[in-house]
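Notes to accompany the following structure.
The numbers here are math on the coordinates, done by the rules we state, and not lab data. The structure presented is a predicted model; accordingly, all values stated were derived computationally and were not measured. Don't worry about glycine lacking a Cβ; one is built from the backbone with ideal geometry, like all the others, and counts go over all protein chains shown.
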């Protein structure tokens, strides 16, 4: 078993070396032929293509090139988020108002409270005093829940109920048939059927069984549409990368 694993490792390493050499030769040809501009734009396209191919190399097997690209991606993302949050949130909303206000404004000393709560979160890195950070996290969770729950109830429940209970107009202002009324009727039937499916106080038999079965159909349609939307979104990302590799990098398209 050890010999087989060693052979697989050596063969995989050889494949990666060959692919790296092929990638280098392709880029040399692209720069020499003028298909890639000999400036920072061309270098950026080459690096972007290399990173894309490095990520896609995971489709072959887990390898050091993929791990390197993964670490670079995560590191750059974290670095970008930290810098972005500092200059767009922390500095203008806290530090400038607390320590460096404009001459026409006063020091907003009440900001010491969120600064103190934020500083307590760094105790999370201390095994001995990690419990201190719970005060800050409790405040964040409480405030977040208090803001998110009413907003979620309003947008996901109350507004949906309001839209469902609106009068159905089968004709529009010109007197023509309003096809949106059909969509409204289907939505009402689906909502009632799904609610009955999740109503377990009564046994699902007879007419109730038929209605609950209709609810199952609506649920499957909703799950299928959501899954299809997710696949479509992922495929659009893949298509964009393929167009970039074949277009901007190789100049085939």
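For a quick check, take a GNM of the chain with Cα springs below 10 Å and name the residue from 136, 201, 33 with the largest mean-square fluctuation.
Most flexible of the set in this elastic network: 201.
Rounded if a/c is under 1.5, else prolate if a/b beats b/c, else oblate: with a ≥ b ≥ c from the C-alpha gyration tensor eigenvalues square-rooted, which is the stretch 178-249?
Values: a/c = 5.91, a/b = 2.57, b/c = 2.30.
It is prolate, given that a/c is not under 1.5 and a/b is the larger ratio.
Say we join alpha carbon atoms closer than 10 Å with springs in a Gaussian network model of the chain; which of 52, 126, 236 then has the biggest fluctuation?
126
Quote the relative contact order of the chain in percent (integer), defining contacts as alpha-carbon pairs under 8 Å separated by 6+ residues. Show your work: numbers first, answer last.
Details: 109 pairs, mean separation 33.0, N = 253.
After rounding, I find 13 percent.
If r is the Cβ-Cβ distance from residue 180 to residue 153 and R0 is 35 Å, what FRET efficiency results, to the nearest 0.05?
Working: r = 26 Å, r/R0 = 0.75.
Efficiency, from the Cβ-Cβ distance: 0.85.
Note down the nm distance, to one decimal, between modelled labels 7 Å out along Cα→Cβ at residue 223 and at residue 124.
Result: 3.4 nm between the two label points.
Helix-only estimate, please: 222 nm mean residue ellipticity of the chain, summing -39500 (n - 2.57) across DSSP H runs of length 4 or more and dividing by its residues, to the nearest 500. Let's see the in-between values first.
Values: 9 runs with 166 residues, N = 253.
Only helices count here, giving -22500 deg cm²/dmol.
Could you state the angle between the C-alpha long axis of helix 40-56 and the longest principal axis of the C-alpha atoms of the chain, as a value from 0 to 90 degrees rounded to the nearest 10?
Here the helix axis deviates by roughly 70 degrees.
What is the gain in length, in nm to one decimal, between residue 112 and residue 25 on full extension, counting 0.36 nm per residue of separation less the C-alpha to C-alpha distance? Before the final figure, lay out the partial values.
Numbers: separation 87, 0.36 × 87 = 31.32 nm, distance 5.81 nm.
Once the chain is fully extended between residue 112 and residue 25, it gains 25.5 nm.
Where does helix 180-197 land angle-wise versus the long Cα axis of the chain, in degrees 0 to 90, nearest 10?
90
Between residue 131 and residue 39, 0.36 nm times their residue separation minus their Cα-Cα distance comes to what? All intermediate terms of the calculation are to be shown ahead of the outcome.
Working: separation 92, 0.36 × 92 = 33.12 nm, distance 5.30 nm.
Fully extending the segment from residue 131 to residue 39 adds 27.8 nm.
Using just the C-alpha positions of the chain as equal point scatterers, what log10 of I(q)/I(0) does the Debye formula give at each q in 0.07, 0.13 1/Å?
Results for the chain at q = 0.07, 0.13 Å⁻¹ read -0.62, -1.07.
Can you give me the C-alpha center-to-center distance between the stretch 54-75 and the stretch 117-184, rounded to a whole angstrom?
36
Using a Gaussian network model of the chain with C-alpha springs under 10 Å, which one of 27, 63, 88 is most mobile by mean-square fluctuation?
88
Stretched out fully, how many nm does the piece from residue 236 to residue 87 gain, at 0.36 nm a residue minus the Cα gap? Working shown, then result.
Working: separation 149, 0.36 × 149 = 53.64 nm, distance 3.21 nm.
So the extension gain works out to 50.4 nm.
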